1. May I ask you to list the residues in the range 72-85 that are in contact with a Leu (Cβ under 9 Å, 6 or more places away or on another chain) and open to solvent by 20 Å² or more (accessible area, probe 1.4 Å)?
2. Just for the range 38-54: of the residues that are among the hydrophobic types (A, V, I, L, M, F, W, C) and in a strand (DSSP E or B), which one is farthest from Leu140 (Cα to Cα)?
3. Name every residue in the range 133-153 that is touching a residue at least 40 places away in the same chain (Cβ under 8 Å) and aliphatic (A, V, I, L, M), in order of residue number.
4. Listed residues Thr69, Thr30; which is open to solvent by less than 70 Å² (accessible area, probe 1.4 Å) and closer than 30 Å to Leu181 by Cβ?
5. Kindly check whether there is at least one residue in the range 186-201 that is free of Cβ contacts under 8 Å to residues at least 40 places away in the same chain, closer than 25 Å to Phe218 by Cα and assigned to a helix (DSSP H, G or I).
6. Conditions: (1) of a type outside the set (Lys, Arg); (2) at pLDDT below 95; (3) within 30 Å of Gln78 (Cα to Cα). Ile147 meets all but one. Number of the miss?
7. Against the condition of a type outside the set (Val, Ile, Thr), open to solvent by less than 90 Å² (accessible area, probe 1.4 Å) and modelled with pLDDT of 90 or more, how does Lys245 come out, does it pass?
Amino acid sequence: REAKPVSAVSVTATAVATLSVDRTLPIVGTLYAKDSALVSAEVEGKVERTLVEFGDRVKAGQELAWIDTDSYTALAHQAQARVEQSKALAHGAEQDLNRQQALRKTGIAAPSDLDAAEAQADQSRAALKAAEAAAAVAQLNLDRSRIRAPFDAAVADRIASAGDFVRPGSPMFRMVNDGVLKFIAQAPESFAPQVVRDLPVVFTVDAHPGKRFEGKVFLISPQINLATRMFDFGALVPNADRLLKAGTFARGELVLERAVPTRVVPVASVLSSSGVSRVFI
C-alpha cells in the first residue's frame with residue numbers, strides 16, 4: 001500500500017531565559033493595634049471632667065480625666081500639714097531630750113525625766129514617719145485621681161462621662177496605639193521551617209486599592225491549629241501616616257526568598273493574547 005505523506009509540523013525554537021523572581025506564599029489576615037489598653041480608674045469618686053473624646057490622639061502621660069481631684073487635693077494638703085506639725089513636735093522632743101541628757105551629766109536631772117524625754121522623742125519620730133507615709137499615700141491618690149494616657153495612642157472609646165461615680169477598676173477609656181499595627185495571618189504547617197523572623201510581608205487593603213504596604217515578621221505561633229493544620233504568625237507594619245486602621249482585612253504575600261533565579265520561556269501566542277508573556281519551567 002502506498003504510504004500517506006506526512007504533514008510538516010511548524011516548530012518554533014525559543015531560548016530559555018533566567019529571571020530573578022521572589023518566592024512567596026499568598027496570605028490573608030487582619031490588622032490589629034500593636035498596643036491597646038483599657039484605662040481604668042485607680043481611685044474612688046465622681047468624675048469631675050473628661051478631657052478627651054474618642055478619636056483624639058494623646059501623648060504618654062497626657063491627662064484624660066479627673067476623678068474628684070479637688071477632694072484628693074484637699075486631703076493631700078491636710079496630710080502635708082500633719083507632716084509639718086509632726087516635724088515641729090519631733091523637733092521639740094529632740095530639744096527636750098538634749099536638755100535632759102545635758103542635765104543628767106551634771107547630776108541635776110532625775111533618771112526618770114531622761115527616760116520620759118527619750119520615750120517622747122521616740123514617739124515623736126514614729127509619729128513623723130507615720131505622717132510622712134500618710135502624706136505619700138495622699139499624694140499618690142491625688143496623682144491617680146488624674147487619669148493619664150499609658151502610651152502615645154488614640155482614644156478608641158470613652159466609656160465614662162463627667163458625673164459618673166467610679167471605683168478602682170472601673171473602665172474609663174480604651175486606647176490603641178495605631179502608629180504600628182500587627183498583621184496576623186496563617187501559613188500551612190509545611191511552611192513552618194521557612195517562616196522565620198524578619199521575613200518581609202507585602203499586602204493591600206480595600207480602602208487603598210493599588211497601594212502596597214509592607215511589614216516584617218516578628219512573632220510566630222509555637223503550635224499548629226489541629227482543625228486547619230495551619231499556624232499563626234504576625235508582622236509589624238509601620239503606620240506613621242495612619243492610613244491603615246486596626247481591624248482591617250488585608251491580603252498579600254509572605255516573601256520567603258528574594259530574587260530566586262528562575263528559568264522562563266515565552267508562552268504560546270494564544271496565551272500571550274491574554275496578557276501572559278512568560279511561563280516558568
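1. Of the range 72-85, the ones in contact with a Leu (Cβ under 9 Å, 6 or more places away or on another chain) are 72-73, 75-76, 83.
Within the range 72-85, Tyr72, Thr73, Leu75 qualify.
2. It comes out as Leu38.
3. Passing the criteria: Ala134, Ala135, Val137, Ala138, Leu142, Ile147, Ala149, Ala153.
4. Thr30
5. Of all residues in the range 186-201, those free of Cβ contacts under 8 Å to residues at least 40 places away in the same chain come to 190, 192-193, 196-198.
Remaining after also requiring closer than 25 Å to Phe218 by Cα: 190, 192-193, 196-198.
From what is left, the residues that are assigned to a helix (DSSP H, G or I) are 190.
Among the residues of the range 186-201, at least one is free of Cβ contacts under 8 Å to residues at least 40 places away in the same chain, closer than 25 Å to Phe218 by Cα and assigned to a helix (DSSP H, G or I), which makes the answer yes.
6. (2)
7. When the stated conditions are applied, Lys245 does not pass them.
Okay, residues lined up against (1) open to solvent by 50 Å² or more (accessible area, probe 1.4 Å); (2) in contact (Cβ under 8 Å) with a residue 60 or more places away in the chain; (3) farther than 27 Å from Ser190 by Cα:
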position	(1), (2), (3)
Ala207	yes, no, yes
Asn225	yes, no, no
Asp232	yes, no, no
Val237	no, yes, no
Asp241	yes, no, yes
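The values are calculated or read from the model by the stated rules, or taken from the named source; none is laboratory data. Worth saying up front: this structure is predicted, and the values here are computed from it rather than measured. Neighbour counts run over all protein chains shown; Cβ positions are idealised from the backbone, glycine included. Side chains included, ligands, DNA and RNA excluded: accessible areas come from the protein's heavy atoms. Shrake-Rupley method; radii C 1.70, N 1.55, O 1.52, S 1.80 Å.
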